[in-house]
């Protein structure tokens, strides 16, 4: 057994995740290395979901009966947990959405419909990067097409980092919003937030950070990031699907207009016009994902019981081990940083001329689950001249033995197609 | 899924490379980025050539090679029957066990029966066949149109 400094007690942790005991393809032990796509869920989260439906289910913020009050307390309690998890100055800055995509679309639409000084229009510019997930590209393309605002982006260096050499030309006085990913889902790169935020603040642009691949894996402090918006999703951090978060600075949430209209988000409604509830409810039209929020709260309790700094150290040790072991596989090319420095635990690679779908399929036959394709970041594949990659991504329950299994599996793939 | 026949075609493809044709199409499979450019050449209703260039997984590339081997030299009606039989097999979700009659029609293409169990990969196997159908419609439709104007 490989022992690395900083590893968590995975033997104990894995007992909390029933699915990790599964066997696939007639007795192959499951090696789940697709955590950047979605994480598995611990029993504590599954129990919280069950308990919610078995004991407390009711609609929230309405009704005076016991169940309605208890369900509301649980839902709003989950908001408190999220606020504390990301060190938000106020719980009212935490908006529940259905996923990070919705969170990012919400920001784009707030700005598209906003009055001055926030309004994005044909005289202004939007800045993103070439390493964004499609969910942080397409909403801005839509906003750009609808308003006439110019969409600009940072390119990438050959070793998978943001090219900030022309930052002063990319972010200018015309820039209204800079939206970028904290940790790339395809390259694994951890981006230098401070340099970008500093330049954005110089020109008075807002900053939106996609933290989907950061929130599950490291301590996240929205105050030290100094961003204006931070988006992430629940299902990648041990929570259920169908729940995401948008954190926004309170004064912005007060000033910016709602996007979706409906129940829950109003103060008074007449047939002519309506007034809106204060944030965060202004941005939560309709019955929210209540059980999912409760499940996310349980996931946060679970992660905090282990400690985000310890999870970060565990994954860093695994990543260091993995880049070294993968680097020894002939014909394997890591797409992204080749060391563990400023790097998350998602590692994309190509294996000679073997198509990633073939790599993924032959690994699957050995019980090893990886992601193949362009990972919703097609511009990255274009940038590096490849059709797709194979991606292995780790989490708090991943082990060095699973990395060994991956490396052995890749050897088998090479022999198979060699 | 990866039958020896499939791997053979993948490693040693038949008829690969673009040659003269009556029509050309470009098809992509966006889920995995497989691409094929395919040309057909007809001599009356006989298939004189199917030439292609592409990139993608072993299933998509081997399938194009098998298509070339099976269809070149066939009459259109026979080729259409092969295409329809292959489509039926690939859409069977693994429920069709090819019998002798099917094997006689499909020859090497029966090796793809196992692929039909993997929904994500069926599109890979069908990519070149759909491209051929499209190119054929264009080539013969174009010829019809020419005859009408002549």
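The protection proxy used here, the mean number of other Cβ atoms lying within 10 Å of each residue, ranks peptides A:317-324, B:126-133, A:9-16 as follows, highest first: B:126-133, A:317-324, A:9-16. Our Cα-only numbers for region A:362-418 put the radius of gyration and Dmax at 13.0, 34 Å.
Rounded to 0.05, the FRET efficiency of the residue A:353 and residue A:53 pair, given R0 = 30 Å and the Cβ-Cβ distance, is 0.05. Computed extension length for residue A:301-residue A:194: 35.6 nm, one decimal, from 0.36 nm per residue of separation with the Cα-Cα distance subtracted. Sorted largest first, the spans of the alpha carbon positions of region B:1-62 along the three principal axes are 37, 26, 17 Å.
Approximating the spin labels as points 7 Å out from Cα along Cα→Cβ, the residue B:75-to-residue A:174 distance works out to 6.6 nm.
Considering only Cα atoms, the convex hull volume of region A:1-95 works out to 170 Å³ per residue. Considering only alpha-carbon pairs that sit under 8 angstrom and 6 or more positions apart, the relative contact order computed for region A:224-329 is 23 percent.
Of all DSSP beta bridges in chain A, what percent run antiparallel (nearest 5)? Taking every DSSP beta bridge with both residues in chain A, the antiparallel ones total about 60 percent. Inter-chain Cβ neighbour count for B:56-63, averaged per residue, equals 4 (cutoff 10 Å, partner chain atoms only). The gain in end-to-end length when the residue A:21 to residue A:411 segment is fully stretched comes to 138.0 nm, 0.36 nm per residue minus the alpha carbon separation.
Annotation: region A:119-244 has a Kirkwood hydrodynamic radius of 14.9 angstrom, from the mean reciprocal C-alpha pair distance. For residue A:11 and residue A:255, the FRET efficiency from 1/(1 + (r/R0)^6), where r spans their Cβ atoms and R0 equals 56 Å, is about 0.65.
Averaged over peptide A:356-364, the number of partner chain Cβ atoms lying within 10 Å of each residue's Cβ comes to 5. Dimensions of region A:73-179 from C-alpha coordinates, computed as largest minus smallest value along each principal axis and given longest first, are 47, 38, 23 Å. Dividing the Cα radius of gyration of chain A by its Kirkwood radius returns 0.98 for Rg/Rh. Extension gain for residue A:87-residue A:309 works out to 78.5 nm (0.36 nm per residue, less the C-alpha to C-alpha distance).
Give me the Kirkwood hydrodynamic radius of region A:125-176, using the inverse of the mean 1/r over all pairs of distinct Cα atoms, in Å to one decimal. Could you put the intermediate results ahead of the total?
Details: mean 1/r = 0.0865 Å⁻¹.
Roughly 11.6 Å, rounded to one decimal.
Using C-alpha pairs below 8 Å separated by at least 6 residues, the relative contact order for chain A is 23 percent. Between the Cα long axis of helix A:100-113 and the first principal axis of chain A there is an angle of about 40°, rounded to the nearest 10.
Taking every C-alpha pair closer than 8 Å and separated by at least 6 residues, the mean separation divided by the residue count of chain B gives a relative contact order of 28 percent.
The protection proxy used here, the mean number of other Cβ atoms lying within 10 Å of each residue, ranks peptides B:89-102, A:196-209 as follows, highest first: A:196-209, B:89-102. Inter-part distance, region A:77-96 to region A:44-63, computed on C-alpha centroids, equals 19 Å. If R0 is taken as 56 Å, the Cβ-Cβ distance between residue A:404 and residue B:138 corresponds to a FRET efficiency of 0.60. Built from the Cα atoms of chain B, the convex hull projects on average onto 8.5 nm², one quarter of its surface area. Helix A:356-365 against the longest principal axis of chain A: what's the angle in degrees, Cα atoms only, rounded to the nearest 10? That works out to roughly 70 degrees. Centroid-to-centroid, using Cα positions, region A:1-35 and region B:7-40 are 41 Å apart. For region A:137-215 and region A:349-418, what is the separation of their C-alpha centers, rounded to whole Å? Region A:137-215 and region A:349-418 have Cα centres separated by 28 Å. Shielding by partners for peptide A:252-265, expressed as the average number of C-beta atoms from other protein chains within 10 Å of each residue's C-beta, is 0. Compared with the dominant Cα axis of chain B, that is its longest principal axis, helix B:119-149 is turned about 10°.
Taken together, the values in this text are just the output of simple stated rules run on the coordinates, not laboratory data. The model shown is predicted, which means the values in this text are computed figures rather than measured ones. Glycine gets a Cβ as well: all are built from the backbone with ideal geometry, and neighbour counts include every protein chain shown.
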